[in-house]
1. Counting other Cβ atoms within 10 Å of each Cβ, which chymotrypsin sites (Phe, Trp or Tyr not before Pro) in segment A:33-139 have at most 11 and sit in a DSSP loop?
2. What is chain A's relative contact order, in percent, from Cα pairs under 8 angstrom and six or more apart in sequence?
3. Taking every alpha carbon pair in segment B:39-103, what does the distance histogram look like in 10 angstrom bins from 0, in percent?
4. Using a 10 Å cut-off on Cβ to Cβ distances, tally the other chain neighbours for every residue of B:79-88 and report the average as a whole number.
5. Based on the Cα coordinates of chain B, what is the per residue volume of their convex hull in Å³?
6. Working only with C-alpha atoms, what are the Rg and Dmax values of the protein assembly as shown, expressed in angstrom?
7. How many partner chain Cβ atoms sit within 10 Å of a residue's Cβ in peptide A:13-21, on average, as a whole number?
8. As I understand it, the dipole of the protein assembly as shown uses +1 on the Cβ of Lys and Arg and -1 on the Cβ of Asp and Glu, about the Cα centre. Which of A:36, B:76, B:88 lies farthest toward its positive end?
Amino acid sequence: MTERWGDLIVETIARLLVPFQQLYSLYVLAHGHSSPGGGFQGGCIFAASLVLLIVAYGTRELRRRFPERAILVLCALGVFIYAAVGWLCLFLGGNFLDYSQLSKLLPTDPIMARYYGMAAVEVGVQITVMAIMMAIFLELLTGGGGQKGCSGNS
Amino acid sequence: MMEALAVLFISAGLFFFFTATVGLLRLPDFYSRMHAMGKADTMGLLLTLTGLALYQMGEGLSWSKAFVAFKILLIAVFWFLGGPTATHALLRSAFEGGKMPWTKDGQAVLDWPRQEER
């Protein structure tokens, strides 16, 4: 724990709200096919919860829990999941992102395989959007200065 | 019956929203405006969402309707946690930034507290 800089009320409410916010982002992700939502919206909500953490605790505390290297790795990981599902379909004999081909690997019929493939792609989108949003926010906050700049004690 | 109750709640909520807007437009400075917005807006939203949940419940009870009403009430709960906190954070940062409340004769209501704290 770094030195206190925030406000007790804001910190308490942030601690209370952030888990629900992240749970809600996963809900939006999982219901993307039947209601408004999906990977992009879920990722934005997840990033918003981390922004709330920064507002309450400062960037130094967030960097301690979620270092910038991890953010960049997650950016790449999400794109990798997306492309991996796409190329897997390609290698199984279909087109790029032709999810029904996944039924050759999964123990389901092509229609359900399409659902699972979409869900996997949405997970990748969510991870990338969350990480990119956090990277943009941190860059804006520090004026592009990386570790320097507003580090939570201003 | 349920619809009449819903209309009652939503009208009360709209009254509070109207009060909040009048306060935002007519009060003299930042603190009193946030005072009007933070309180009356929260109350108006709670009443409006309660009315919407009641309207959603309708006449016959069923699980799907009750579930949607429960989700609407969840919005109310989280707004009730988040909205006043945002108001508090805004007001506190304005006060720590050195903005003094408005007074009729233009005098500061108190000495700037930062010198004592630090």
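1. Details: sites: A:40, A:46, A:57, A:80, A:82, A:87, A:91, A:96, A:99, A:115, A:116, A:137; in loops: A:96.
Answer in residue order: A:96.
2. Working: 203 pairs, mean separation 41.6, N = 154.
Relative contact order for chain A comes out at 27 percent.
3. Calculated P(r), rounded to whole percents: 20, 34, 22, 14, 8, 2.
4. 3
5. Numbers: hull volume 11.8 nm³, N = 118.
In chain B, the Cα hull volume divided by residue count equals 100 Å³.
6. 24.2, 81
7. Details: counts 7, 3, 0, 4, 4, 0, 0, 4, 2.
The mean count of partner-chain Cβ atoms within 10 Å per residue comes to 3.
8. Positive-end residue among those listed: B:88.
Values quoted throughout were computed directly from the atomic coordinates according to the rules given, and no laboratory measurement underlies them. Because the structure is a prediction, the values reported are computed rather than measured. No Cβ is skipped: glycine too gets one built from the backbone with ideal geometry, and neighbour counts run over all protein chains shown.
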